[in-house]
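Quick notes on the structure that follows.
Each reported figure results from applying straightforward, stated rules to the coordinates on display, with no laboratory input. Everything numeric here is computed off the predicted structure, so don't read it as measured data. Methodologically, a virtual Cβ is constructed for each residue, glycine included, from the backbone with ideal geometry; neighbour enumeration extends over all protein chains shown.
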Amino acid sequence: MVVLVDIRIGIINSPREIAFESSQTKEDVQKVVADALEGGKPFFTLNDQKGKLFIVPVANLGYLEVGTEERGRVGFVN
């Protein structure tokens, strides 16, 4: 059973947001971002469920939205 979390990241001065699903937990995502903000790091990284790496610059972070955790979808959509 795979649990996926929807993540949306807004970047300042960018009309598009970054949106993806991750197998990281909400708590993991929150810790990564909080550590970067509190530690003065220039960026933080997150992974999607397919293994893509997203490097987000802290200075340009507009917002971060972490959705609810859902089980992985299997099958067809009607």
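Numbers below:
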{"item": "In the stretch 1-18, the residues that are loosely packed, with under 13 Cβ neighbours inside 10 Å and either more than 22 Å from Ala59 (Cα to Cα) or within 9 Å of the chain's Cα centre (by Cα) (or both)", "result": "Met1, Val2"}
{"item": "Of all residues in the stretch 19-36 being in contact (Cβ under 8 Å) with a residue 24 or more places away in the chain and not charged (D, E, K, R), the one that is nearest to Val2 (Cα to Cα)", "result": "Ser23"}
